[in-house]
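The block underneath contains the structure these notes are about, expressed in structure tokens.
The values are calculated or read from the model by the stated rules, or taken from the named source; none is laboratory data. Here the structure is a predicted model, which is why all the values come from computation and not from measurement. When we count neighbours, we look across all protein chains shown, and the Cβ atoms used for this are built from the backbone with ideal geometry, even at glycine. Just so you know, the surface numbers come from the protein's heavy atoms only, side chains and all, with ligands and any DNA or RNA stripped out. Shrake-Rupley method; radii C 1.70, N 1.55, O 1.52, S 1.80 Å.
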Amino acid sequence: MNCYEHTLIAKQDLQKKSLEEIKTKYQSIIEQNKGKVVKLEEWGLMSFSIPIKQNKRGYYLHFKFEGEGKIVEELEKKERIDDQLLRFMTVKYKKFDLKNNFFEKKERSIT
């Protein structure tokens, strides 16, 4: 099995219910194609340096999953026609880094 990281950016004005539907939709596509979601990270709403389709911010979801290449083809086919998404990207890895969560909010101490 191959290891993949898949990031997608949803529009900023979506309701919480719509975001949950997007998560379950793409997670089920992975599972229906005999893949396994190892980790799902919600990076939240972040600003773009350059607007994408007249949006200045987007909601990021990041999937780490194992599976075959046909899963990536199926995901990207569905995402191309989904008008709730702005961008998506898939990267193939040899091994996952499950220890680091790069977009985790850390508490700051006041000194």
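Of all residues in segment 43-73, those that are within 20 Å of residue 19 (Cα to Cα) and more than 14 Å from the chain's Cα centre (by Cα) total 8. Screening segment 26-42 for residues that are charged (D, E, K, R) and touching a residue at least 12 places away in the same chain (Cβ under 8 Å) and picking the one that is most open to solvent (accessible area, probe 1.4 Å) gives 34. When the residues of segment 86-111 are filtered to those that are touching a Gly at 6+ places or on another chain (Cβ under 9 Å) and within 23 Å of residue 36 (Cβ to Cβ), the one that is modelled with the lowest pLDDT is 103. Within segment 44-62, being open to solvent by 50 Å² or more (accessible area, probe 1.4 Å) and in contact with a strand residue (DSSP E or B) (Cβ under 8 Å, 6 or more places away or on another chain) holds for 45, 47, 53, 56, 57.
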